[in-house]
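Beneath this line is the structure, given in structure tokens, with notes to follow.
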Amino acid sequence: MKPMILKHAMYFGLLFGLMFSLNFYFSTIEAVIPNVLSWVLVLLMPYVAYRLAVDCRERVCDGVISYGTALWYGIQLFFYAALVAAVFKLIYFNYISPDFLLHQIDQSLKLMEQMQLPLGAAEVAEVKKVLTPINMSLNYIWLDVLAGLMVSLFTAALVKRDAPMSN
């Protein structure tokens, strides 16, 4: 049963990752409609994760799933989605919009100046070192998995279903 749960998480993690990628892409466009669509996707993600966990419970686990298994399924789902989204973000940072991170660096430095933080050459170099395509993509993986853990803590409680008691 466990390999089938993993397979389910991997397959739907791929599709969920496409949703993550689309959300990221919409969030980079400075216009009202894409930003609204980005927020709609953010609000839909917990519901989609819940529906996928229910689908796993019904189709793979024969209608029975423990809290721990549902939690682990959700974490795996978000992990595989985060991997797909990280690949998209790496492509985006390197090829689709190579100036995106440079703009983020400029914004970060301006914010640091507004906060009157000391800005020397070492600080500027550190910001540029951190905001590389690889670092950003890897950081997004952990952020997405952490968000998935938070969502899965709640969805697992809703999805959990014990086996019926036999007489």
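The values are calculated or read from the model by the stated rules, or taken from the named source; none is laboratory data. Being a predicted model, the structure only gives us computed values, none of them experimental. Because the Cβ atoms are built from the backbone with ideal geometry, glycine has one as well, and the counts that use them run over all protein chains shown. Remember, those area values only see protein heavy atoms, side chains included, never the ligands or the DNA or RNA. Shrake-Rupley method; radii C 1.70, N 1.55, O 1.52, S 1.80 Å.
When region 129-167 is examined, which residues are found to be outside any helix (DSSP H, G or I), over 23 Å from Phe20 (Cα atoms) and of a type outside the set (Gly, Ala, Ser)?
Applying the first criterion (outside any helix (DSSP H, G or I)) to region 129-167 yields 131-132, 160-167.
Subset that is over 23 Å from Phe20 (Cα atoms): 160-167.
Matches in region 129-167: Lys160, Arg161, Asp162, Pro164, Met165, Asn167.
Every residue in region 1-14 that is open to solvent by 60 Å² or more (accessible area, probe 1.4 Å) and either without any contact (Cβ under 8 Å) to a residue 40 or more places away in the chain or farther than 19 Å from Phe88 by Cβ (or both), please.
If we filter region 1-14 for residues that are open to solvent by 60 Å² or more (accessible area, probe 1.4 Å), which is where we start, we get 1-4, 6-7, 10-11, 14.
Scanning region 1-14 gives Met1, Lys2, Pro3, Met4, Leu6, Lys7, Tyr11.
In region 43-96, what residues are charged (D, E, K, R), over 17 Å from the mean Cα position of the chain (by Cα) and surrounded by fewer than 19 Cβ atoms within 10 Å (Cβ to Cβ)? Walk me through it before giving the result.
Going residue by residue through region 43-96, those that are charged (D, E, K, R) are 51, 55, 57-59, 62, 89.
From what's left, over 17 Å from the mean Cα position of the chain (by Cα): 55, 57-59, 62.
Correct list: Asp55, Glu58, Arg59, Asp62.
Can you report the number of residues in region 6-64 which are modelled with pLDDT under 95, closer than 27 Å to Ala157 by Cα and polar (S, T, N, Q)?
0
What is the number of the single condition among (1) surrounded by fewer than 14 Cβ atoms within 10 Å (Cβ to Cβ); (2) over 20 Å from the mean Cα position of the chain (by Cα); (3) part of a helix (DSSP H, G or I) that Leu117 does not meet?
With respect to (1) surrounded by fewer than 14 Cβ atoms within 10 Å (Cβ to Cβ); (2) over 20 Å from the mean Cα position of the chain (by Cα); (3) part of a helix (DSSP H, G or I), Leu117 is out only on (3).
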